[in-house]
Amino acid sequence: MSTKHFPIAISPLWRPLLLPLGVTAKRSYAEISEGELHVCFGPFDYYFPVDAVEDATLARWPLWAGVGARTNFRGVVGLVGTYVNVVEIRFKEAQQIRMLLRVPCSRLFLSLEEPHSFINAVTRRRTAEMRAA
């Protein structure tokens, strides 16, 4: 199986503020390969099993929530570089991730350059794995 690479969209307006945190074009992406979803956003690097994904849809990220690596500590995590092209990934069960603290992640929001392609890839892979099981 091939790896599908999806860059995280970062607005030129926010790029200078995210750069000191290590959020660069090379360190901001989502990849799907071999039944795994790999998400990297600067120093944050996470791996999730694709079969843990319940659904992926287009979503809105509120202005008040800000950009960067964000959490409400109650299951919502955002790795957002712009307010457009945001995808919400819902997990069947909350995944544990480390930000500054260990936090649950039942809903992951990503701003992606190609949100429709990502949604198709993650839902197609999940459907294929469910049929194979």
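Read-outs: derived from the displayed coordinates by stated rules, not from any lab. None of the values given here were measured: they were computed from a predicted structure. Note that we place each Cβ from the backbone using ideal geometry, even for glycine, and neighbour counts take in every protein chain shown.
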| said: Please list, short to long, the whole-number percent of alpha-carbon pairs of the chain in consecutive 5 angstrom bins beginning at zero. | reply: 2, 11, 22, 25, 22, 12, 5, 1, 0, 0
| query | Taking only DSSP H segments of four or more residues, each worth -39500 (n - 2.57), what value at 222 nm results for the chain once the sum is divided by all its residues, to the nearest 500 deg cm²/dmol? | reply | -5000 deg cm²/dmol
| Hey, what angle do you get for helix 115-132 against the long axis of the chain, alpha-carbon based, 0 to 90 degrees rounded to 10? | 30 degrees
| query | Using Cα pairs under 8 angstrom and six or more residues apart, how large is the relative contact order of the chain, in percent? | reply | 25 percent
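If you take every DSSP beta bridge whose two residues both sit in the chain, what share of them, in percent to the nearest 5, is antiparallel?
Values: 36 of 42 bridges.
Antiparallel bridges make up about 85 percent of those DSSP assigns within the chain.
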| remark: Output ordering of 96-108, 28-40 (per-residue mean of other Cβ within 10 Å, highest first) is 28-40, 96-108
| Positive-pole candidate from Gln96, Phe48, Phe118, dipole of the chain, charges at beta carbon | Gln96
